[in-house]
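The values are calculated or read from the model by the stated rules, or taken from the named source; none is laboratory data. All of these numbers come straight from a predicted model, not from anything done at the bench. So basically every Cβ, Gly included, is an ideal-geometry build from the backbone, and we count neighbours across all protein chains shown. These accessible areas exclude ligands, DNA and RNA; they are computed on the full protein's heavy atoms, side chains included. Shrake-Rupley method; radii C 1.70, N 1.55, O 1.52, S 1.80 Å.
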Amino acid sequence: MAGELSFEKPLLELNRKIEELRRFTEEKDIDFTDEIVKLEARAKALAQEIYGNLTPWQRVQLARHPERPTTLDFINALFTDFIELHGDRLYGDDAAIVAGIAKFNEQPVTVIGHQKGKDTKENIARNFGMPHPEGYRKALRLMQQADKFNRPIICFINTPGAYPGKAAEERGQSEAIARNLREMASFGVPIICIVTGEGGSGGALALGIGNRLLMLENAFYSVISPEGAAALLWKDASQAQRAAESLKITAQDLFELGVVDEIVPEPIGGAHRNFAETVTGLRSVLLKHLDALKTMSREELVVDRYHKYKAIGRYAAFTESV
Amino acid sequence: MLKDIFYKKRRYATVRTGQAQDRGEEKAEVKEVPEGLMIKCDKCGTIAYAKELEKNLKVCQGCGYHFPMTAFERIAMLLDEGYFFEYDSELLSTDPLNFPDYLSKLKKDMETSGLSEAVVTGEGTIKGYPVVIAVMDPRFRMGSMGSVVGEKITRAAEQALEKRYPFILFSASGGARMQEGVLSLMQMAKTSAALARLNEAGVLYISVMTNPTTGGVSASFASLGDYNFAEPGALIGFAGRRIIEQTIRQELPEDFQTAEFLLKKGQLDKVIPRQELRHTLAKILDMHTVRRGS
C-alpha cells in the first residue's frame, strides 16, 4: 500500500491479519475472538515497540510522509473564516507558500505556511513546497500587514528547502530569505512558528523567527538535508540514515539544544494516522502560547524574540593568564 | 552561562596592522614558487613578485584576479595603521553535537590559519572614521558560520549599536556550518535580529561580499546591508551550482552567481575593485557624517 513505511510493515501486516479474522468471524461464523484478542494485544505491544523508539531517520520518513497533513489541512482545521491572499506585488504568486487571514478562537490572525501537494500533480503545482523569492516576499508583505493591524502571526513550516533554481538565484533567493529574518525580528506582534513536517534549512527559517518555536513530535529541522550531509561527509547519499543521527534534527534534539520551546505530541503512528487528535493537541498548545504573548507590549515582543535567538548557540571562552 | 560572564568583557588588544605576515598567514591558496618569492596567478598565469602582489593588494596585474585575503591582511589593508582593537578573540567553538571529526578539524584549522575562528571582529578607523568591522576568513572551516561566528558577529553589531559606529562586514563563507547542525542555522536568525536593531536605530551597516559568499551567510547578514557591495569575480549565491544544475537539468552560464552577474540582475549596489575599496568606504562614511576621531 502507498504510504507504508518499511519499519511499519510488521505492525500493518498484523493489523490486516486481525481485520481478516474479524471478517471471518462475521462471515463464516467461526469464532476467532480469542485469537483476535491475543493478536490485538500483540499489535499494541508492537506499536509501542515501533513508535515508542523511532530513530531519527524513521521520523524523517514520517515527516515526509505523503499523507502528512499539509499547512492548508492545519489552517482549515484550526481556524475559521480563512481568506487566502495572493502575490508579492513584485513578480508573481508562489503556490509553494499559502498565506491569508483567519480567526483563531475568535481572534483575527495572519497565517502563513509552506504548502506541499497531496499527489504528484499537486506537488508539481506547489513545487513540492519549495518556495521562490516571490513566495518569501508574499509572506513578508502579509506579515507587514499583520504588524500594521496588530494581528498575531502564525507560521507553519514544512519544506524541503528554498528552491535551488536559476530563476530563484536571479531574483534574489538569498536576499528574500535574509530580509524575512530581519523583518520578522522587528515585528511588534506575537509570532508563533510551528515545524509541522520538514524543516529544510534557510528555506524553513525564512518563516521561522518567532517568539515561540513549536515542533510536532515527528517533525525534523536541519541545517542541511540528511542526504545532502551524507553526500558531503561520506560522498554517499545512501548514508542519510547515519547523517540524520549525527545532525541532531529531531524535535527532542532541538528542545534539548534550546531551539524549540515545546514539542507537540502526535498520535501513535504519526500525525496523519489521527489528524483530529493532532489538531486538538496543537490547538491547546497554540492557545496557551498565544495567550501568554498577548499580554506583552509591542516592544516587549521584539525584545523577547531578540533574547530567544541571542541565547542560541554553544561556545567556550578561554581565559588568558596574565 | 558563559556568555553572560564574557558579554561585558571588552577585549582591547592592539593588533598592529600589517601584522598578518608574522602570523604565518601567507599561504592562502596562492601557489608559491621557490620560497614564496614569486607567485603565479590562478586565472591568467601571470607571474609576479610576492612583494609586488602584496603592494597591489593581492590583485593580479595581468588580469585583475583578486587573490584570497586573510582576515588580518584585509584589516591591515582597510584600517588606519595602528588602529584595531579586536573583540571576543577568546570565544572558541565546542562540539555541541558530538559530530564526527569536528574537533580535530577545528584544531587543524586553528594550526594552519593561526586563527581561533572563521571571523575576526573589532573596531578601528578608516581615514579617521571609527567603525566596527567583522572580517571572515575562508581558511577556517571554509569561513562557515557556527555558534562562535554567529555570536561574534552579533556582539560586534551590538557594539556598533551601542557606540553608534557604522558596521562593516566582509563575508567569505561557504554558509552555515554543518557540524553544529541547527545551532548554525539559528545563527542566521541571531545575526539578522542584531542587524534589525541597527536598522531600526538608523546605524549604518555595509556588507561587502568577497569570494565566496554562499548558503546561509548569503541568506542572512551578507544580504542585509544598507549598501551591498562585492569584490570583482566573487562567487555569491544561495544554492550551490551543482545542485542547481542537477535540479534544472541544464548547464548554467559561465558567469552565473558571480558578482558581475548579480550586479546585472539588480542584486548588488556596486562591484568595487579592491584598490578602490578603502577610498569608497571612506566616502560613504563621510556622507553618513560620522563624527571624526574615536
*asked:* I want to confirm something. Restricting to the stretch B:241-263 and keeping residues that are among the charged types (D, E, K, R) and either outside any helix (DSSP H, G or I) or within 23 Å of the chain's Cα centre (by Cα) (or both), which single residue is nearest to residue B:226 (Cα to Cα)?
replied: B:260
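Yes or no, residue by residue, for (1) within 17 Å of residue B:78 (Cβ to Cβ); (2) among the basic types (Lys, Arg); (3) in contact with a strand residue (DSSP E or B) (Cβ under 6 Å, 6 or more places away or on another chain):
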| residue | (1), (2), (3) |
| --- | --- |
| B:243 | no, no, no |
| B:247 | no, no, no |
| B:254 | no, no, no |
| B:257 | no, no, yes |
| B:270 | yes, yes, yes |
| B:276 | yes, no, no |
| B:283 | yes, yes, no |
_Being open to solvent by less than 10 Å² (accessible area, probe 1.4 Å) and closer than 29 Å to residue A:261 by Cβ is true for just one of B:178, B:186. Which residue is that?_
B:186
*Would you point out which residue out of B:230, B:234, B:201 is more than 9 Å from chain A (Cβ to nearest Cβ) and in contact with a Ser or Thr (Cβ under 6 Å, 6 or more places away or on another chain)?*
B:234
*Among helices (runs of 4 or more DSSP H) lying entirely in the stretch A:127-191, which contain 1 or more residues that are under 20 Å from residue A:309 (Cβ atoms) and assigned by the TED database to the domain that holds residue A:215?*
A:133-148, A:173-186
*Could you please let me know if residue B:81 is more than 12 Å from chain A (Cβ to nearest Cβ), more than 23 Å from residue A:259 (Cα to Cα) and either among the aliphatic types (A, V, I, L, M) or without any contact (Cβ under 8 Å) to a residue 12 or more places away in the chain (or both)?*
no
_Here is a list: A:170, A:198, A:183. Which entry is within 7 Å of chain B (Cβ to nearest Cβ), under 19 Å from residue A:132 (Cα atoms) and open to solvent by 10 Å² or more (accessible area, probe 1.4 Å)?_
A:170
_Among the numbered criteria (1) within 13 Å of another protein chain (Cβ to nearest Cβ); (2) farther than 19 Å from residue A:98 by Cβ, which one does residue A:212 miss?_
(1)
_Top-ranked residue of the stretch B:117-131 - restricted to ones that are over 11 Å from residue B:71 (Cβ atoms) and in a loop (DSSP other than H, G, I, E, B), ranked as most open to solvent (accessible area, probe 1.4 Å)_ = B:127
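A quick yes/no check of all residues on (1) farther than 22 Å from residue B:106 by Cβ; (2) surrounded by fewer than 19 Cβ atoms within 10 Å (Cβ to Cβ); (3) within 14 Å of chain B (Cβ to nearest Cβ):
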| position | (1), (2), (3) |
| --- | --- |
| A:249 | no, no, yes |
| A:255 | yes, yes, yes |
| A:266 | yes, no, no |
| A:290 | yes, no, no |
| A:302 | yes, no, yes |
| A:308 | yes, no, yes |
*asked:* Among the residues that make up the stretch B:137-148, is at least one of them over 18 Å from residue B:188 (Cα atoms), open to solvent by less than 20 Å² (accessible area, probe 1.4 Å) and assigned to a loop (DSSP other than H, G, I, E, B)?
replied: yes
*Which residues, taken from the stretch B:134-189, are facing chain A (nearest Cβ under 7 Å) and out of contact with any Lys or Arg (no Cβ under 6 Å at 6 or more places or on another chain)?*
B:148, B:151, B:176, B:178, B:182, B:183, B:185, B:186, B:187, B:188, B:189
*Of the residues B:223, B:218, which single one is open to solvent by less than 10 Å² (accessible area, probe 1.4 Å), at the interface with chain A (Cβ under 8 Å from one of its Cβ atoms) and polar (S, T, N, Q)?*
B:218
*Do you know which residues across the stretch A:268-278 are in contact with a Pro (Cβ under 8 Å, 6 or more places away or on another chain) and open to solvent by less than 10 Å² (accessible area, probe 1.4 Å)?*
A:271, A:278
_Is it the case, given these coordinates, that residue A:88 is free of Cβ contacts under 8 Å to residues at least 40 places away in the same chain and over 17 Å from the mean Cα position of the chain (by Cα)?_
no
